[in-house]
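I have placed the structure first, in the form of structure tokens, so that the comments after it can refer back to it.
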Amino acid sequence: MKKRLHKWRLFALLGIVGLVLSGCGEPFLSALKPAGDVAQSQFDLLILSTLIMVLVIIVVLILFVVVLLRFRRKKGDETIPKQIEGSHKLEIIWTVIPILLLIVLAVPTVVTTFDLADTKAMDKKDKDGKTKDALVVNVRANLYWWEFEYPDLGIVTSQDLVVPTDQKVYFNLTASDVKHSFWIPAAGGKMDTNTDGVNKFYLQFDSKKAEDSNNLFYGKCAELCGPSHALMDFKVVPKAKSDFEAWAKDMKSVKEPVVEGDAAKQGEAVFNKSCIGCHAVTPNDSRPEAARQAPNLATFGERQKIAGVLDHTEANLKNWIKDPEKYKPGNTMTGTYGELSDSDIDALAAYLLQLKVEEK
């Protein structure tokens, strides 16, 4: 008896913990707090399927209790209950009901699937070969960072995905090394990035939901890709259409980074000697993908995170430069730039923190 009570208490405790944790989602990272039309439609399907499952469970439990109480064998009763095998009526009922439930779930699922797979707008080009009436972003996943290219705008950036709100944003997804998976939980479901093909889909970011999350969403890699898979994060910065256009104009106007102070200028010299072969510092990077071996740093000074996971402080930046393997095991930066003295690292940090576009 005590063992049974202990088990029931454990189940009750797990239920309470699950209920409490269900309220821990943040608007910038929770699939249960949809922040756009795509996420909302997927959330609606989730609710529909959950309701159907709960309904089935409730009906089965009720039938079980009714049968248990009504048809319980009484003491001394040796009669055989009425047999229902061969009952066409019951067979039709328990065949038709599951079919109806599947239809209720299948119809909206199929409709939504085809709607979310509609990327025809990406194929409509103007006379200059640019996409008409649609914003396209080429997403390239790497170990362990993300590149975002806006081909019609001539902009390349990394780690921070900037998007306009209240309109569809179309994505071409690829990977340069191993399979990854592109996922912005608050905006929609994940999709794989492959080395041997391009996956296409679109997302939409609601302006009011963006305000609720302080105009910042979190993105992640959802495919086990290596030892630092869990650290392969990126940020999504939603902007009103006019603000996005202003951002794009600022990005396209950058020619060369301008830094101030002796330390930053010394750091620029260190960067040009040790880092420029992999990293670019202007957003209009016209090099082919194969030559873009590391994140674009044009807006590094404006980012909220270093390497996607560390707080954006000078101390963390210096620690990252000294030993990137400590913070992201298996990264491709380790051992590529030779030995740097402490003064070189201090100067390099001063230079990188001044790489800004919007805050100039």
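The values are calculated or read from the model by the stated rules, or taken from the named source; none is laboratory data. On a predicted model such as this, the values are computed, not experimentally measured, just so you know. Cβ: placed from backbone, ideal geometry, glycine included. Neighbour counts: every protein chain shown. These accessible areas exclude ligands, DNA and RNA; they are computed on the full protein's heavy atoms, side chains included. Shrake-Rupley method; radii C 1.70, N 1.55, O 1.52, S 1.80 Å.
Observations, loosely collected:
- Residue among Thr195, Thr157, Thr131 that alone is within 30 Å of Gly330 (Cβ to Cβ) and either surrounded by fewer than 22 Cβ atoms within 10 Å (Cβ to Cβ) or of a type in the set (D, E, K, R) (or both): Thr195
- Test: residue in segment 290-299 that is of a type in the set (A, V, I, L, M), over 25 Å from the mean Cα position of the chain (by Cα) and at pLDDT below 95: yes
- Screening Tyr218 on (1) without any contact (Cβ under 8 Å) to a residue 40 or more places away in the chain; (2) outside any loop (DSSP other than H, G, I, E, B); (3) open to solvent by 30 Å² or more (accessible area, probe 1.4 Å) shows it passes everything except condition (1).
- Candidates are the residues of segment 185-233 that are among the charged types (D, E, K, R) and within 13 Å of the chain's Cα centre (by Cα); the one that is nearest to Arg140 (Cα to Cα) is Asp192.
- Sole residue being closer than 25 Å to Ala246 by Cβ and not polar (S, T, N, Q), chosen from Arg287, Arg303, Arg292: Arg303
- Qualifying residue in segment 234-249 (condition: under 13 Å from the mean Cα position of the chain (by Cα), within 19 Å of Pro295 (Cβ to Cβ) and not in a strand (DSSP E or B)): no
- Against the conditions (1) farther than 22 Å from Val258 by Cβ; (2) among the polar types (S, T, N, Q); (3) touching a residue at least 12 places away in the same chain (Cβ under 8 Å), Asn296 satisfies every one except (1).
- Within segment 228-257, residues that are assigned by the TED database to the domain that holds Val137 have Cβ atoms under 6 Å from residues that are buried (at least 19 other Cβ atoms within 10 Å of the Cβ) and part of a helix (DSSP H, G or I) in these pairs: Pro238/Ala210, counting only partners at least 6 apart in sequence or on another chain.
- The lone criterion from (1) open to solvent by less than 40 Å² (accessible area, probe 1.4 Å); (2) part of a loop (DSSP other than H, G, I, E, B) left unmet by Phe271 is number (2).
- Val111 being more than 20 Å from the chain's Cα centre (by Cα) and either open to solvent by 40 Å² or more (accessible area, probe 1.4 Å) or more than 29 Å from Leu46 (Cα to Cα) (or both): yes
- Segment 31-47 - residue that is part of a loop (DSSP other than H, G, I, E, B) and surrounded by 17 or more Cβ atoms within 10 Å (Cβ to Cβ) and, of those, modelled with the lowest pLDDT: Ala31
- Hits in segment 317-349 (condition: over 16 Å from Met232 (Cβ atoms), part of a helix (DSSP H, G or I) and hydrophobic (A, V, I, L, M, F, W, C)): Leu317, Ile321, Ile345, Ala347, Leu348, Ala349
- For segment 221-268, filtering for residues that are open to solvent by less than 20 Å² (accessible area, probe 1.4 Å) and of a type in the set (Lys, Arg) leaves 1.
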